[in-house]
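A quick write-up on the structure given underneath.
The values are calculated or read from the model by the stated rules, or taken from the named source; none is laboratory data. Small disclaimer: the values here were computed from a predicted structure and weren't measured. Methodologically, a virtual Cβ is constructed for each residue, glycine included, from the backbone with ideal geometry; neighbour enumeration extends over all protein chains shown.
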Ligand code: ARG
């Protein structure tokens, strides 16, 4: 289904053409004076100079050319030359009927589906998932779902950080603690034990210890660098140990992402790019792109138009170890081979921007991907801050584990639901707390533009009123309860038909429903789930206006009442679709 704006614009453009003007002038916009009309077109004003005519005259001619179009209940030329218009109630009712029948609620499938890789999540093995990785998961999941909803072939890849210095650090620390393990014995012929010699909690203690020691102990740091290099070069014991580290971490990560309702098609890591590194580096050297600078292999990526310095892309360090850039570049090679994607979208902290600028430039320059064939895109997001405006921390000042954050939010919702609805069972309350808690976190995040930092305020995010996830949940639960009450009161009633809207609030609600596809297209085009949040908030606002003007359960006209029920059921369905794109779902009660 076309968007309302496009449909209106098409009719107006024909009018402009019929009156002898450029059809491009017929572009409509939502009215900036909703008290006067629903949509407007400023084309006559724009054309006045070109056609040496008073804009009002042009507008009048266009209005006359369009005539009594069934789409409009009003189309008028007003001073100084605007076209103001309202959609006819019958047109709106027809359109709502189409929306009801369409499981995609008016969203058209892409004519040419693209293959899109979304690289998000990006956790590092051996580190518990913490708040710093929350946004990547939340925003990436929504972008992935939105692309998929439009019919594109989308592959979500978690891109584990599993190949860098932290691996060498852990190996070094383990070696200090348990030198007797077979992984360190170079003469050991295998097979290595199947059980990991540590648990996830061990790892979570080992890693920070090792990383701290690296900062103060020169020998230890060199040992860790060396272990990293040996791992990357394939030392069997280190590979076996590394497998354990990855496996133990991944099962913990999966559990956490499950709770976030975030799931990945691929659990690849930086390490999976390893086989592509050597041929890629060779090609870069042969192509004359890569050269040695202070022992390191680099590719220049500075461009003439740059107003800042863009340092060369580091391909291999002087010791030959792969860098963050190296694995990202080799991963591009891998993805190109496996999927030949049209787009690769990366989600990462906005402080990593320069990294992506360099990697993308290098990938294009060295021909890993074709500039016209594949767009490499980066969505940088801001930091989650505490109320003090500084990056969110635990009360003790450490990085907050995601699990604990989820628990805190869920607990806050639990208490609120319990107070609001004491009749709910403990089990129901827990289930509600988890669902609504997740909505609180995700909506709280997604309603901000990705690039902006925001303050994570549990009180505010879990409030049942205002522009919050729980408020959206509450709105949906309320619809469900009206639908249930209606079904109980009128068990014989047949499914109603949505009638042409009469009142102002009913019309407002109808218009809001019809704009769903527009919001989805914008969220997709701008890679901005915040557009969908804005839409959801507007739709729930329109619904509340409707409730104020209409008492559905007390409506005396049965057909009208059934029409209202059908209308709010459609609101529920649109909301369900919308929040699914944001990555959460609503409970039945709360
Ligand atoms: N592991 C990285 C980090 O923690 C994020 C990875 C993002 N994806 C990528 N392809 N570089 O910062």
Residue under evaluation residue 357, criteria (1) free of Cβ contacts under 8 Å to residues at least 24 places away in the same chain; (2) more than 16 Å from residue 154 (Cα to Cα); (3) more than 12 Å from the ligand (Cβ to nearest atom), criterion not met
(1)
Is it fair to say residue 292 is over 18 Å from residue 156 (Cα atoms), without any contact (Cβ under 8 Å) to a residue 12 or more places away in the chain and either in contact with a strand residue (DSSP E or B) (Cβ under 9 Å, 6 or more places away or on another chain) or within 13 Å of the ligand (Cβ to nearest atom) (or both)?
yes
Of the residues 501, 470, 450, which is part of a loop (DSSP other than H, G, I, E, B) and at pLDDT 95 or above?
501
Test each condition in (1) surrounded by fewer than 19 Cβ atoms within 10 Å (Cβ to Cβ); (2) closer than 17 Å to residue 157 by Cβ for residue 327 and report the one that comes out false.
(1)
Got a sec? Which of 121, 132 is part of a helix (DSSP H, G or I), within 16 Å of the ligand (Cβ to nearest atom) and farther than 19 Å from residue 242 by Cβ?
132
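Could you list, in sequence order, all residues of segment 145-159 that are outside any strand (DSSP E or B) and either more than 15 Å from residue 262 (Cα to Cα) or more than 14 Å from the ligand (Cβ to nearest atom) (or both)? Write out each step before concluding.
So the first thing to find is which residues in segment 145-159 are outside any strand (DSSP E or B), and the list is 145-152, 158-159.
Correct list: 145, 146, 147, 148, 149, 150, 151, 152.
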Checklist (1) modelled with pLDDT of 95 or more; (2) more than 15 Å from the ligand (Cβ to nearest atom); (3) surrounded by 13 or more Cβ atoms within 10 Å (Cβ to Cβ) applied to residue 316, failing item:
(1)
Scanning segment 91-118 for residues that are crowded, with 22+ Cβ neighbours inside 10 Å and within 19 Å of the chain's Cα centre (by Cα), which turns out farthest from the ligand (Cβ to nearest atom)?
107
Which residue pairs have Cβ atoms under 6 Å apart, sit 6 or more places apart or on different chains, and have a first residue in segment 321-335 that is more than 10 Å from residue 363 (Cβ to Cβ) and modelled with pLDDT of 95 or more and a second that is in a strand (DSSP E or B) and within 11 Å of the ligand (Cβ to nearest atom)?
335/117
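Quick check: is even one residue across segment 256-266 in a helix (DSSP H, G or I), free of Cβ contacts under 8 Å to residues at least 40 places away in the same chain and under 27 Å from residue 119 (Cα atoms)?
Yes, segment 256-266 contains a residue that is in a helix (DSSP H, G or I), free of Cβ contacts under 8 Å to residues at least 40 places away in the same chain and under 27 Å from residue 119 (Cα atoms).
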From the option list 347, 354, 292, 400, single residue qualifying as surrounded by 21 or more Cβ atoms within 10 Å (Cβ to Cβ) and closer than 27 Å to residue 271 by Cβ is 347
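So if I check each of 372, 434, 457, which one is closer than 30 Å to residue 289 by Cβ and either touching a helix residue (DSSP H, G or I) at 6+ places or on another chain (Cβ under 9 Å) or surrounded by fewer than 18 Cβ atoms within 10 Å (Cβ to Cβ) (or both)?
So the residue among 372, 434, 457 that is closer than 30 Å to residue 289 by Cβ and either touching a helix residue (DSSP H, G or I) at 6+ places or on another chain (Cβ under 9 Å) or surrounded by fewer than 18 Cβ atoms within 10 Å (Cβ to Cβ) (or both) is 372.
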Kindly indicate whether residue 55 is in contact (Cβ under 8 Å) with a residue 24 or more places away in the chain and over 23 Å from residue 93 (Cβ atoms).
yes
From (1) outside any helix (DSSP H, G or I); (2) free of Cβ contacts under 8 Å to residues at least 60 places away in the same chain; (3) in contact with a strand residue (DSSP E or B) (Cβ under 8 Å, 6 or more places away or on another chain), pick out the condition that doesn't hold for residue 444.
(1)
Residue identified as modelled with pLDDT of 95 or more, closer than 26 Å to residue 451 by Cα and either touching a strand residue (DSSP E or B) at 6+ places or on another chain (Cβ under 9 Å) or crowded, with 18+ Cβ neighbours inside 10 Å (or both) among 281, 262:
262
